[in-house]
1. So how many residues does the stretch 33-66 have that are under 16 Å from the mean Cα position of the chain (by Cα) and part of a loop (DSSP other than H, G, I, E, B)?
2. For the stretch 148-156, state whether one or more residues are within 22 Å of His32 (Cα to Cα), touching a Pro at 6+ places or on another chain (Cβ under 6 Å), basic (Lys, Arg) and in a helix (DSSP H, G or I).
3. Kindly provide the set of residues from the stretch 253-300 that are within 19 Å of the chain's Cα centre (by Cα) and either over 17 Å from Asn16 (Cα atoms) or aliphatic (A, V, I, L, M) (or both), ordered by number.
4. Among the candidates Lys253, Lys258, single out the residue that is at pLDDT 95 or above and either of a type in the set (Phe, Trp, Tyr) or over 30 Å from Glu163 (Cβ atoms) (or both).
5. Being outside any helix (DSSP H, G or I) and within 20 Å of the chain's Cα centre (by Cα) is the filter here; which residues of the stretch 111-125 pass it?
6. Quick check: is even one residue across the stretch 80-97 within 22 Å of Thr55 (Cβ to Cβ), open to solvent by less than 10 Å² (accessible area, probe 1.4 Å) and modelled with pLDDT of 95 or more?
7. Determine the pairs where a residue that is more than 16 Å from Phe196 (Cα to Cα), located within the stretch 113-136, has a partner that is among the acidic types (Asp, Glu) and at pLDDT 95 or above with Cβ atoms under 8 Å apart, the partner being 6 or more residues away or on another chain.
8. Suppose we filter Gln100, Gln40 for residues that are at pLDDT below 95 and open to solvent by 60 Å² or more (accessible area, probe 1.4 Å); which single one remains?
Amino acid sequence: MLTAKQNMQECIRGGNPDRFVNQYEAIQILLHPFLLTNPQPGKGDPDVVNNWGVTMSFPSHVPGAFPIHTEDAIVVKDIEHWSDYVKAPSLKFTDEQWAQAKAMYDAVDGTQAYKAAFVAPGIFEQTHYLCEMSRALEYFLTDPDEMHDMIKLIKDWELELAEGICKHLKPDAILHHDDWGSEISTFLRPEMFAEFFLEPYKEIYKYYHDHGVELIIHHNDAYSATLVPYMIEMGIDVWQGCMESNNIPELIKKYGDKITFMGGLDNKAVDFTGWTQNDARKVVRRLCEACGSKHYIPCITQGGPGSLYEGTYQALIDEIDDYSEEVFGINKKDIKRPPVQLMF
């Protein structure tokens with residue numbers, strides 16, 4: 001039987017996976033010194049101000065932290081003078097700090113799973129973290145030059161981060177977060193999205209690929225079917241978070257030889273008060289039957305292993321294994337995977 005990593009490689013290449021890739025089983029998500037030193041609240045903790053000056057909150061009833069945008073907390077008070085407010089955090093770390101992170105990577109068996117450096121938030125998210133969502137969207141229309149300049153600063157900062165990650169940690173995958181839409185639409189029309197974000201992302205993801213990173217896994221739990229050609233041009237290998245509203249079977253037919261879709265198991269379909277094992281079974285079978293095992297990875301759509309409600313993520317694991325046993329004739333007891341490391 002293939003290792004989890006080998007099976008994911010076969011899925012991505014359109015080869016011969018011997019079972020469905022099971023969510024994040026082949027991806028060990030790892031940190032780097034910036035994430036280890038950037039203040040972030042734990043679930044239910046008091047709000048904190050991070051190193052970009054953004055106030056972050058993590059209520060107990062949501063799957064992740066998000067920015068607070070009361071008037072006093074918004075970082076960019078005046079878009080025409082954004083550079084007076086936005087200061088990129090230092091990425092100068094000691095050898096000891098890099099060694100602390102490197103120990104996490106060395107502890108992962110790279111034959112069993114990808115060693116994936118975690119980068120969040122992405123460029124688009126950073127703009128609205130700093131400006132507030134509705135204002136950021138307005139500024140793309142009213143102040144495009146200023147937004148281009150702000151994006152360049154964020155892009156250059158990410159490239160410096162990428163240099164450190166590749167030099168010191170040498171991951172073979174990147175899990176990069178940046179949400180680009182709601183469940184039903186993108187936040188920007190495709191042409192505008194490309195105008196601001198295509199070239200910066202091409203530069204960042206090319207750097208990673210050129211420096212030993214095999215897979216760019218981009219998390220975006222949203223409708224973004226209209227952005228897939230740009231994702232491919234950027235160099236994204238796996239779109240994680242692809243919601244069912246994107247018509248994933250159609251995307252696989254159209255683009256499967258260029259990009260893999262990881263998601264479809266929308267949280268709203270299974271991760272709610274009163275969920276049952278049957279809810280997990282229905283969504284797993286619906287998506288796996290429709291999408292197949294090549295260029296598709298059934299996965300909860302949120303951006304890391306785990307779920308809002310206890311037991312949901314494991315229920316999905318169990319149902320994917322059961323379906324693999326039926327389709328491929330394997331014994332699910334023979335499946336070997338690294339221990340689940342829940343993020344949420």
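1. Selection size over the stretch 33-66: 3.
2. yes
3. Selection gives Ile259, Met262, Gly263, Gly264, Leu265, Asp266, Asn267, Lys268, Asp271, Ile297, Cys299, Ile300.
4. Being at pLDDT 95 or above and either of a type in the set (Phe, Trp, Tyr) or over 30 Å from Glu163 (Cβ atoms) (or both) holds for just one of Lys253, Lys258, which is Lys253.
5. Ala113, Tyr114, Lys115, Ala116, Ala117, Phe118, Val119, Ala120, Pro121, Gly122
6. Scanning the stretch 80-97 turns up at least one residue that is within 22 Å of Thr55 (Cβ to Cβ), open to solvent by less than 10 Å² (accessible area, probe 1.4 Å) and modelled with pLDDT of 95 or more.
7. Ala113/Glu25; Tyr114/Asp172; Tyr114/Glu214; Lys115/Asp172; Ala116/Asp172; Val119/Glu158; Ala120/Asp178; Pro121/Asp178
8. Being at pLDDT below 95 and open to solvent by 60 Å² or more (accessible area, probe 1.4 Å) holds for just one of Gln100, Gln40, which is Gln40.
The values are calculated or read from the model by the stated rules, or taken from the named source; none is laboratory data. Since the model is a prediction, treat every value here as computed from it, not as a measurement. Heads up, the Cβs are rebuilt from the backbone with ideal geometry, glycines too, and the neighbour counts pull from every protein chain shown. Surface areas here come from the heavy atoms of the whole protein model, side chains and all, with no ligands, DNA or RNA. Shrake-Rupley method; radii C 1.70, N 1.55, O 1.52, S 1.80 Å.
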